Amino acid sequence: MSKDKSKLRNGDFGHGSVALLITKQALPLTASQLAQLVYSITDRIYIGHIPGEGSASLTGLGLTFPVVSIISAFTLLFGQGGAPLFSISRGEGNDKKASDILYNSFLMLLIGAFLLTASGYIFMKPLLYALGASDASYPYAASYLNIYLIGTLFTMLATGLNFYITAQGFPKTAMVTVLSGAFLNMLLDPLFIFVFGMGIRGAAAATVISQFASCIWVLIFLTGSKTIISLKDKKHSFSLRLCLNIITIGFTGFVMEITNAATQIVCNRTLRKYGQELSDTYIMIMAIISSVRSIMGVAVSGITSGAQPVIGFNYGAKLYDRVKKGIRTMALFGFVYTAFAWLMVFLFPDFFINLFSKDPSANVMAVKYLHIFFMAYVFMSLQFAGQSTFMALGKAPQAIFFSLLRKALLVIPLTLILPLYLSDPISGVFWAEPISNIVGGTASFVTMYFTVYRKLGKKSE
């Protein structure tokens, strides 16, 4: 009996302060996001400081970002896609459907990981050159991917299934998933890179081992006695319809990551075209700025991830006033944080840049482009609030559209067009980001407000 009460207490978002529930979810999730970021950021910091080859190695690593984004995209497609449906089903009291969603998500993550690993090894060389590699940077990128791809299965299961731990009201457990792997990665990186002399390959090896540890933790929890909906449930079954529903909702996150990959490809190739003999330096600067953006995006991602199960649960329970409170809280928290992040970047740009590079000339150049890139960062809070609301309520078409709008329909075309009309064509690549933030963020939030927020509770949902 006590066990059932404990489970209800952890997973019931229909009672208590909405702001407090979101905060309790968001804080450990933000820590989780930060820890997840440590996997890649630690690699970039150490790689950028390898004696004699730091700049070349960091450039090579930057070329692998689109590949990592593609793996992440399929993880979100099969993992995150089911989490809102999972929360809504639990809010409706339909635990059988929630169990089926978890099981089908697990199957798709498993199959997707094997297919992506095989494809990565088969098409590695032409893919890296298509991403903007040169003969000088290709060996570093290939050295990293040759090892990193081994851990694709661990990465996808650890990240994709962790959404279901959060959705059941165990954000601290989800945090441990990532923290344990991140801590292990921090210990192993300097050991493999410097002590064992493995260089960029050592960073990849440390990441694979760390993700393996996180994967084991997730599987142990989701098959253990503490979880509310377990992978060991013998009653769950395969359903093509559920798989399609999961993919439909997950397509939002998938589009975000795929368009991230596409944006990185277009940026690298444009920098290669206009940068001439300094093209590798500009690609390295883009890798640095992308890393800073990843750092700054941690908290806002934690806020929206923490809000989604709360909003989704109450939507499923038809508690629309609580849904609206959740949306307001998410938007306010996101706005305050992004304003703070923007201020930090503009006041202390050298601090963030020097984390990843010890090349004085490149670091001086990077300050200008970092300031341009973050010029309208506060508008990202509007993008996240609007898009995350659509995802939490299972409104896939709207979420997908606004994912496509900001990246595919704004950033990519602007990256190609702006360099043609600016005296410094390289700056055009970086100006594409703030312009898309303003247009895309405003459009996403305003549309959500008038088509969802104002109508909640006024008609049959």
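The values are calculated or read from the model by the stated rules, or taken from the named source; none is laboratory data. Just so it is clear, the model here is predicted, and its values are computed rather than measured. Quick reminder, even Gly has a Cβ in these numbers, built from the backbone with ideal geometry, and neighbours come from all protein chains shown. The area values use the complete protein model at the heavy-atom level, side chains included, leaving out ligands, DNA and RNA. Shrake-Rupley method; radii C 1.70, N 1.55, O 1.52, S 1.80 Å.
Key figures
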item	result
Test: residue in region 266-283 that is closer than 28 Å to Arg44 by Cβ, among the hydroxyl-bearing types (Ser, Thr, Tyr) and touching a Pro at 6+ places or on another chain (Cβ under 8 Å)	yes
Close pairs (8 angstrom Cβ cut-off, 6 or more residues apart or separate chains): under 24 Å from Leu184 (Cα atoms) and in a helix (DSSP H, G or I) in region 17-37, open to solvent by 60 Å² or more (accessible area, probe 1.4 Å) and modelled with pLDDT of 75 or more anywhere	Ala26/Phe333; Pro28/Lys172; Ala31/Leu179; Ser32/Leu179; Ala35/Leu179; Ala35/Phe183
Test result for Gly199, modelled with pLDDT under 90, more than 30 Å from Ala408 (Cβ to Cβ) and crowded, with 18+ Cβ neighbours inside 10 Å	yes
Residue in region 338-360 that is of a type in the set (S, T, N, Q) and without any contact (Cβ under 8 Å) to a residue 40 or more places away in the chain present	yes
All positions within region 408-426 that are open to solvent by 10 Å² or more (accessible area, probe 1.4 Å) and either of a type in the set (Gly, Ala, Ser) or closer than 30 Å to Gly81 by Cα (or both)	Ala408, Leu409, Leu410, Ile412, Pro413, Leu414, Ser423
Neighbours by Cβ (under 9 Å, 6+ apart or cross-chain): first from region 132-154, touching a residue at least 12 places away in the same chain (Cβ under 8 Å) and closer than 17 Å to Ala287 by Cα; second in a loop (DSSP other than H, G, I, E, B) and open to solvent by 20 Å² or more (accessible area, probe 1.4 Å)	Tyr140/Glu53
Residue within region 327-341 that is open to solvent by 10 Å² or more (accessible area, probe 1.4 Å) and more than 30 Å from Ile88 (Cα to Cα) present	yes
From the options Thr304, Thr270, residue that is in a helix (DSSP H, G or I), modelled with pLDDT of 85 or more, under 30 Å from Ala98 (Cβ atoms) and not small (Gly, Ala, Ser)	Thr304
Residue selected from region 370-382 under the condition open to solvent by less than 10 Å² (accessible area, probe 1.4 Å) and touching a Phe, Trp or Tyr at 6+ places or on another chain (Cβ under 8 Å), by the criterion nearest to Thr451 (Cα to Cα)	Ser381
Criterion: under 26 Å from Ile246 (Cα atoms) and open to solvent by 20 Å² or more (accessible area, probe 1.4 Å) - qualifying residue of Lys358, Lys318	Lys318
Some residue of region 76-99 being touching a residue at least 24 places away in the same chain (Cβ under 8 Å), open to solvent by 50 Å² or more (accessible area, probe 1.4 Å), part of a loop (DSSP other than H, G, I, E, B) and within 22 Å of Phe238 (Cα to Cα)	yes
Residues of region 210-246 that turn out to be under 24 Å from the mean Cα position of the chain (by Cα), open to solvent by 30 Å² or more (accessible area, probe 1.4 Å) and in contact (Cβ under 8 Å) with a residue 40 or more places away in the chain, as a count	4
Test: residue in region 322-332 that is in a loop (DSSP other than H, G, I, E, B) and either aromatic (Phe, Trp, Tyr) or more than 23 Å from the chain's Cα centre (by Cα) (or both)	no
Selection count where residues are open to solvent by 70 Å² or more (accessible area, probe 1.4 Å) and free of Cβ contacts under 8 Å to residues at least 24 places away in the same chain, scope region 117-131	5
Some residue of region 149-162 being open to solvent by 10 Å² or more (accessible area, probe 1.4 Å), farther than 24 Å from Phe65 by Cβ and assigned to a helix (DSSP H, G or I)	no
Test: residue in region 398-406 that is buried (at least 21 other Cβ atoms within 10 Å of the Cβ) and charged (D, E, K, R)	yes
Members of region 197-241 found to be within 25 Å of Tyr144 (Cα to Cα) and in a loop (DSSP other than H, G, I, E, B), listed by number	Gly197, Met198, Gly199
Residue check, Ser279 of a type in the set (S, T, N, Q) and within 22 Å of Thr59 (Cβ to Cβ)	yes
Test: residue in region 47-59 that is out of contact with any strand residue (DSSP E or B) (no Cβ under 7 Å at 6 or more places or on another chain), on the phi > 0 side of the Ramachandran plot and modelled with pLDDT under 85	yes
Out of Ala261, Ala307, sole residue that is buried (at least 24 other Cβ atoms within 10 Å of the Cβ) and either among the aliphatic types (A, V, I, L, M) or touching a Phe, Trp or Tyr at 6+ places or on another chain (Cβ under 6 Å) (or both)	Ala307
Residues within region 163-186 that are farther than 21 Å from Phe254 by Cα and open to solvent by 40 Å² or more (accessible area, probe 1.4 Å), tallied	8
